[in-house]
Amino acid sequence: MRPIEYYEPPVPSKVNYINAQYGLKSWLLTKDHKRIALLYLGSITFFFFIGGLYALMIRLELLTPQGDFLQSATYNKVFTQHGIIMIFFFLIPSIPATLGNFLVPMMIGAKDLAFPRINLLSWYIYLLGGVVTIYALLAGGVDTGWTFYTPFSTTFSNSYVVATGLGIFINGFSSILTGLNFIVTIHTMRAPGMTWFRMPLFIWAHYATSLIMILGTPVIAITILLLAFERISRVGIFDPALGGDPILFQHLFWFYSHPAVYIMILPSMGVISELIANFSRKNIFGYSFVAFSSLAIAVFGFLVWGHHLFVTSQSVYAGMIFSFLSFAVAIPSAIKVFNWTATLYKSSISYDTPMLYALGFIGLFTIGGMTGLFLASLAVDVHLSDTYFVVAHFHYIMVGGALMGYLGGLHYWWPKITGRMYPEGWGRFSALVIFVGFNLTFLPQFVAGYLGMPRRYHAYPPEFQVFNVLSTAGASILGFGMLIPAIYFVWSMRYGKHAESNPWHLPGLEWRTQSPPPTENFEVTPIVTWEAYEFAPAEETQIVGKFGPELEQI
Amino acid sequence: MQSWIPLVPDSASTFSWQVDALYFYLSGVTLFFTLLISAVLIFFVIRYRRRTPYEIPRPIAGSHKLETLWTIIPFVIAMTMFGWGARVYFEQYKSPTNAIEVYVVGKQWMWKLQHATGQREINQLHVPVGRKIKLIMTSEDVIHDFFVPAFRTKMDVVPGKYTTLWFEATTPGTYRLFCAEYCGMNHSGMIGSIIVMEPREFDNWLSGNTGNTTPAAAGQQLYQTLGCASCHGANGEGGRGPTLAGVFGKTTQLQTGESVPVNEAYIRESILNPQAKIVAGFGPIMPTFQGQISEDQLVQLVAFIKSLPAGGQTQPAAPAASPTPNAK
């Protein structure tokens, strides 16, 4: 057998988007989506590092039941800032702003995003939001929890609430602009022949994510404005002492912040669809079900915010409706997991690093998703809400899900982005270390949570220590595992093996141009005549039909 | 502690086993699907590993039958979880009648509790087994949350309103009370204990702590000193203001034509913000008491109004009888 010949540029040019222009100015004023993706990559990595340091401090403090490593006031700031940095400045932009920015135009055969200047503007807005937030952290920090619950945040907290809120407020606009750019690009700039149902599922996932970004983010902006308004001018909106309603804040906050979870996980699901299909050389089983389940998640995601309020004295009947809808939103995620698994049937699976992340994702996301059902179930949620069970659950979704997808995608597209290969052996090793470390960190927290350990506790009763020791041990392994890719990615940019245009031998559009791509992505506008994930050469697909016979006929 | 690492906390209320049963069901389903998917994944990954570098498997488009199957089965399972969870939740929120009432005020960073018979406690609550206990809770500052893992129940304690929580303890012992809603600097220090006693011991404990004024009696004094009596009558029989006696637990007609239930929240609101819901036939003449009375005093006034019998007969709100039926 011989490698399949997909179209490749006959003579790769020496000029690509990285060396097309030199100098700081050429980067800071670039309108190239690929360069902007790299600017984002650098910035979110910086924030990830800060958020990781906070995580380290949390785990060190919780090693012993007494509050001995940090003062309680400091600890409260540390967990608050861990949440704010990781959610708003790492997870929400992570995949869309880096991999999405780089790949959305390339995967649909476009030269750039629809609004290149707005794309650059979104990075500057992100940076401004980040600078304001870092100012708030350095000036004294914030201790409200990333949830900013009122009236603590508006009246009682003595920390930099407004400055931090301003940082998040500003940052939100970068999200909105990215979402807007993606939607317009996907609608109007697909290459000839790239019909909606030929699009890679990564694009569908980004389309669904962009809808949430555009529709949800304004609500958090309004909520933060109201919060700042009450804090500064003492007009009663949320504080009952001023005539406000503290629960109103929670409704507004979660109306954005629950869908925000889907902003974090949907792009990761898009990455996983790519990895599963491409590393098993098989079209995704039930393509349209996976595509539409992303949209279903985006829509249903807006209707479940009330499940964060089951113990706030929200009406019992409202609770029941929100519980029902929360179970309903789990179904599209289950459909995805089943389809990914079925894709592997009679496929050709490679054990490259990205595939290890994808397989890890499926396992961790299954646990994360299933434990979400505990929290959707009213009576059990009453016992579990605000305990470590919740902490474990959302880390399984955000780290086990979103972060695994991000790392898997980063490895997968690294040769395209940088033109260099990462060291495969180290890649596999660190993927395993991260998987083990992650589970050791967060599995014990499910048990601690059911036993009743409340979250956001700086000191805790001694009966919970065994779980915290396990968690801290796991977190050390996890932290070590994260350092390995950080080191070899930087190393590979200079010393890594040169990557071919199509190192994985795949049919996707992004692999039909040189690595790294030229500034305009493709030398000629591609004409798409194939379906997504169509691996077999064209003649062969003719023989077995467009996609091959139904499962039962094989 | 029964085993080396316990999987469930102590069980000490009538909810405990109900929540545990559902939790075990959820855990079983989770374990089943996690193992199923992991096993299938591992099997496929080994069985269909890439054997030659350039092999291309035959494409499979998908199957509507399978898609339908794995949409419907998870949905049906999810609905059993929903139904079961909702049923137990509904029971937890059906506020019992004939419960012993305890007033709870949360503040940064302590719990203040008062029994209907007057005993005050801080960060501790003594309750008898086998009786329904209803907590009527509010906060002086930020949102707190009254969480007793051994009872498998919790409820936010929200400033500006009353929330309620009830339970029936089943096993004597001392159990942890946590504040579960982050409330500021010493959030993790806002913990206490629930001491569940046999009814006889509880009666002894109550009688050993006499000499306290009951909330209702204290409320009666406030009622006089704040001048409530001049409009609502010395015994709540009404006058320029609406009747207070015997209205608790019923509904009342408002000026707007609406009817509202007369509960703790409504009485509280009417004291602090009298113009919000005016009873039909009365004018907006009552002044606000916002800022003039504390949450503790509000609780006492509410307790007094609740204690007024219908008809406005003279009734000394003096030491209420011990709530346990077999008390002396």
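Quote the relative contact order of chain B in percent (integer), defining contacts as alpha-carbon pairs under 8 Å separated by 6+ residues.
Details: 530 pairs, mean separation 51.7, N = 328.
Reported as a whole number, the value is 16 percent.
Enumerate by residue number the chymotrypsin sites (Phe, Trp or Tyr not before Pro) in region B:1-67 meeting two conditions: DSSP loop (anything except H, G, I, E, B), and at most 11 other Cβ atoms within 10 Å of the site's Cβ. Present the calculation step by step, with values, prior to reporting the outcome.
Numbers: sites: B:Trp4, B:Phe15, B:Trp17, B:Tyr23, B:Phe24, B:Tyr25, B:Phe32, B:Phe33, B:Phe43, B:Phe44, B:Tyr48, B:Tyr54; in loops: B:Trp4, B:Tyr48, B:Tyr54.
Sites meeting the loop and neighbour criteria: B:Trp4.
Normalized C-alpha radius of gyration of chain B, against 2.2 N^0.38 Å?
On the way: Rg = 27.0 Å, N = 328, 2.2 N^0.38 = 19.9 Å.
The value comes to 1.36.
Is there a pair in A:Lys111/A:Lys346; A:Lys336/A:Lys497; A:Lys77/A:Lys336; B:Lys134/B:Lys161; A:Lys31/A:Lys282; A:Lys346/A:Lys497 whose C-alpha atoms are over 27 Å apart, and which pairs would that be?
A:Lys111/A:Lys346; A:Lys336/A:Lys497; A:Lys77/A:Lys336; A:Lys31/A:Lys282; A:Lys346/A:Lys497
Reachable aspartates and glutamates from B:Lys154, Cα under 12 Å, same-chain residues fewer than 8 places away excluded?
Within the straight-line limit of under 12 Å, B:Lys154 reaches these aspartates and glutamates: A:Asp381, A:Asp386, B:Asp145, B:Glu181.
Could you list log10 I(q)/I(0) for the protein assembly as shown at q = 0.09 Å⁻¹, which the Debye formula gives when each Cα is one point scatterer?
-0.92
Over chain A, what is the relative contact order in percent, taking alpha-carbon pairs closer than 8 angstrom and at least six residues apart?
The value is 19 percent.
For region B:1-95, which GluC sites (Glu not before Pro) pass both filters: DSSP loop (anything but H, G, I, E, B) and at most 15 other C-beta atoms within 10 Å? Intermediate values should be presented prior to the final figure.
On the way: sites: B:Glu55, B:Glu67, B:Glu91; in loops: B:Glu55.
Here the GluC sites (Glu not before Pro) that fit, given the DSSP loop and packing criteria, are B:Glu55.
Within chain A, which DSSP H helices have Cα atoms that stretch 24 Å or more along the helix axis and a mean Kyte-Doolittle hydropathy of at least -0.5?
Flagged H segments are A:33-61, A:116-139, A:161-188, A:201-233, A:246-280, A:316-343, A:353-376, A:424-450, A:465-495.
Does anyone have the angle between helix B:14-47 and the longest principal axis of chain B? Alpha-carbon axes, 0 to 90°, nearest 10?
The helix B:14-47 is inclined about 20 degrees to chain B.
Straight-line reach only, C-alpha to C-alpha below 13 angstrom: list the aspartates and glutamates that B:Lys277 could link to, leaving out same-chain residues fewer than 8 apart.
The reachable aspartates and glutamates, counting only those whose Cα sits under 13 Å from B:Lys277, are B:Glu258, B:Glu269.
Treating only the Cβ atoms of Lys and Arg (+1) and Asp and Glu (-1) as charged, compute the dipole magnitude of region B:184-279 about its Cα centre; round to the nearest 20 debye.
300
I need to check one value: relative contact order of region B:94-208, counting alpha carbon pairs closer than 8 Å and at least 6 residues apart, in percent.
28
What aspartates and glutamates does A:Lys14 reach when the alpha-carbon gap must be under 20 Å and sequence neighbours fewer than 8 apart in one chain are set aside?
A:Asp32, A:Glu500, A:Glu510, A:Glu520, A:Glu523
Using Cα atoms only, what is the angle between the long axis of helix B:64-93 and the major principal axis of chain B, expressed in degrees (0 to 90) to the nearest 10?
So the inclination is approximately 20 degrees.
Please average, across the residues of A:303-316, the number of beta carbons from any other chain that are within 10 Å of each residue's own beta carbon, and give a whole number.
3
Give me the inter-chain shielding for B:87-93: mean count of other chain Cβ atoms within 10 Å, whole number please. Don't skip to the answer; put the middle values down first.
Values: counts 2, 5, 11, 6, 1, 5, 7.
Average neighbour count from other chains, rounded to a whole number: 5.
Among B:238-244, A:30-36, A:295-301, how do they line up from the highest to the lowest mean number of other beta-carbon atoms within 10 Å?
Going from most to least packed, we get A:30-36, A:295-301, B:238-244.
With each run of n ≥ 4 DSSP H residues scored as -39500 (n - 2.57), what mean residue ellipticity at 222 nm is computed for chain B after dividing by its residue count and rounding to the nearest 500 deg cm²/dmol? Write down the numbers at each step before the final one.
Numbers: 7 runs with 110 residues, N = 328.
So the helix-based figure for chain B works out to -11000 deg cm²/dmol.
Using only the Cα atoms of region A:125-184, build the gyration tensor, take square roots of its eigenvalues as a ≥ b ≥ c, and label the shape rounded, prolate or oblate: rounded if a/c is under 1.5, else prolate if a/b is larger than b/c, else oblate.
Oblate.
Give the shape of region A:346-493 as rounded, prolate or oblate, defined through the alpha-carbon gyration tensor: a ≥ b ≥ c are the square roots of its eigenvalues, a/c under 1.5 means rounded, and otherwise the shape is prolate if a/b is larger than b/c and oblate if not.
prolate
So which residue, out of B:Ser38, B:Ser193, B:Ser294, gets the largest mean-square fluctuation from a GNM of chain B using Cα contacts under 10 Å as springs?
Comparing B:Ser38, B:Ser193, B:Ser294 in a Gaussian network model of chain B, the most mobile one is B:Ser38.
Hand me the trypsin sites (Lys or Arg not before Pro) from region B:28-77 located in a DSSP loop with no more than 12 other Cβ atoms within 10 Å, in residue order please.
Loop-located and lightly packed - B:Arg51.
Work out the charge dipole of the protein assembly as shown with +1 on the Cβ of Lys and Arg and -1 on the Cβ of Asp and Glu about the Cα centre, then indicate which of A:Gly140, A:Val290, B:Ala150 is farthest towards its positive end.
Towards the positive end, the residue furthest out is A:Val290.
Report the FRET efficiency, 1/(1 + (r/R0)^6), for B:Ile72 and A:Ile321, where r is their Cβ-Cβ distance and R0 is 22 Å, rounded to 0.05.
It comes to 0.50.
Please work out the FRET efficiency for the pair A:Thr529 and B:Arg58, using the Cβ-Cβ distance as r and a Förster radius of 22 Å; give the result to the nearest 0.05.
That gives a FRET efficiency of 0.60.
Mind running the shape call on region A:138-221? Use the C-alpha gyration tensor, a ≥ b ≥ c as the square roots of the eigenvalues: rounded below 1.5 for a/c, prolate if a/b tops b/c, oblate otherwise.
Judged from the Cα gyration tensor, region A:138-221 comes out prolate (a/c at least 1.5, a/b above b/c).
Would you tell me the mean number of C-beta atoms belonging to other protein chains that fall within 10 Å of each C-beta in B:161-167, as a whole number? Don't jump to the answer; show the numbers that get you there.
On the way: counts 5, 1, 3, 1, 3, 0, 0.
Neighbouring Cβ atoms belonging to other protein chains average 2 per residue here.
We did not get these values from a lab; they are worked out from the coordinates using the rules stated. Since the structure is predicted, the reported quantities are computational estimates derived from the model, not experimental observations. With ideal geometry, Cβ positions are generated from the backbone for all residues, glycine too; neighbour counts draw on all protein chains shown.
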